[in-house]
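Trainee: What follows is a structure written as structure tokens; I'll ask about it next.
The values are calculated or read from the model by the stated rules, or taken from the named source; none is laboratory data. None of these values were measured; they are calculated from a predicted model. Quick reminder, even Gly has a Cβ in these numbers, built from the backbone with ideal geometry, and neighbours come from all protein chains shown.
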């Protein structure tokens, strides 16, 4: 918890909303595919909501943040997510309310419940609130997140009770529109109305390679020798999180380059998953590796478009064949071994 943590007033309102939501048990008639939106009063961003619990194993409410959050949710729903469990987990950009066993709550959660004078008993009865961001460990809410989640829980009850009477209400008449609850100010009061809104487009930022240091490349061509080898290069989330001081724990990117034929690991780099820092860090490490080993491969294989675009200016300058392939066999084997080890 930090300086942006919710006030006791925020927490009281949030727990009251969660208790009300739990009593309704709307997962008895709603599926997680029954998506609706709630517009954030503070930011204007839409939280896309789905009720969890129809199968009886996990009860709660997920609120996916904006179009990016919705896009990650749809990838999971449509089976378009990565095979790796940790990579699937990293798709989630959402606020989560869930109801857990007491043993799964952390000490700060239990201390807060005690401070608020609340009591819960039984399995899957203890409210738990977390913020999920790609690349980061699920973490405690900020004040702004808690206030928005409180509003969403109240609106989820409203929508769910209406949906129980009219199970076609969330079906759009056409296009990619989503049913959204929108706040409006009338005189001095906020009121909510229904609307059908299309998720805003995500502005895909073009992957820009760093400017090529021509002098450095010429030096590498003089000191390094070409050898008949092929490297596989890829990056993926580590299955083990790390933490810098009191900052939110994160899952670093693991950059690997390996020999395509022997499976020998040439080098490994851990980088914080934030653009453009990890891109520049990787490129510097890649060039430094060639400088230190004085070896240039004939071919490099990558599977990700991002790596292809980052490497292409350098590989062109060093006369390396750069090729995209759907699967990197040696790196996939290492990824599987790392997942097994950390699990």
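Trainee: So is residue 61 at pLDDT 90 or above, in contact with a helix residue (DSSP H, G or I) (Cβ under 7 Å, 6 or more places away or on another chain) and either under 27 Å from residue 28 (Cβ atoms) or in a loop (DSSP other than H, G, I, E, B) (or both) or not?
Mentor: yes
Trainee: Only one of 286, 236, 282 is surrounded by 16 or more Cβ atoms within 10 Å (Cβ to Cβ), within 30 Å of residue 140 (Cβ to Cβ), outside the structural domain of residue 90 (by TED's automatic domain parsing) and in contact with a helix residue (DSSP H, G or I) (Cβ under 9 Å, 6 or more places away or on another chain); which? Before you say what the answer is, go through the steps one by one.
Mentor: Details: 286 fails: within 30 Å of residue 140 (Cβ to Cβ); 282 fails: within 30 Å of residue 140 (Cβ to Cβ).
Answer to the check: 236.
Trainee: Anything in the range 21-43 that is within 15 Å of residue 99 (Cβ to Cβ), touching a helix residue (DSSP H, G or I) at 6+ places or on another chain (Cβ under 6 Å) and surrounded by fewer than 20 Cβ atoms within 10 Å (Cβ to Cβ)? List them, or say none.
Mentor: Within the range 21-43, just 24 meets the criteria.
Trainee: On to the next question. Name the residues in the range 210-242 that are farther than 23 Å from residue 306 by Cα and either free of Cβ contacts under 8 Å to residues at least 12 places away in the same chain or not in a loop (DSSP other than H, G, I, E, B) (or both), would you?
Mentor: 215, 218, 219, 220, 221, 222, 223, 225, 226, 227, 228, 242
Trainee: Only residues in the range 107-122 that are exposed (fewer than 15 other Cβ atoms within 10 Å of the Cβ) count as the first member; pair them with residues that are outside any helix (DSSP H, G or I), Cβ under 9 angstrom, at least 6 apart or cross-chain, and list the lot.
Mentor: Between residues of the range 107-122 that are exposed (fewer than 15 other Cβ atoms within 10 Å of the Cβ) and residues that are outside any helix (DSSP H, G or I), the close pairs are 108/1; 108/140; 110/126; 122/101.
Trainee: So if I check each of 14, 70, which one is in the same structural domain as residue 138 (by TED's automatic domain parsing) and modelled with pLDDT under 95? Working first, answer last.
Mentor: Details: 14 fails: modelled with pLDDT under 95.
Every option except 70 fails the conditions.
Trainee: Tally the residues that are more than 18 Å from residue 272 (Cβ to Cβ) and either assigned to a loop (DSSP other than H, G, I, E, B) or in contact with a strand residue (DSSP E or B) (Cβ under 9 Å, 6 or more places away or on another chain) (or both), restricting the search to the range 132-145. Steps first, answer last, please.
Mentor: First, the residues of the range 132-145 that are more than 18 Å from residue 272 (Cβ to Cβ): 140-145.
When the remaining residues are screened for being either assigned to a loop (DSSP other than H, G, I, E, B) or in contact with a strand residue (DSSP E or B) (Cβ under 9 Å, 6 or more places away or on another chain) (or both), the result is 140-142, 145.
So the count comes out to 4.
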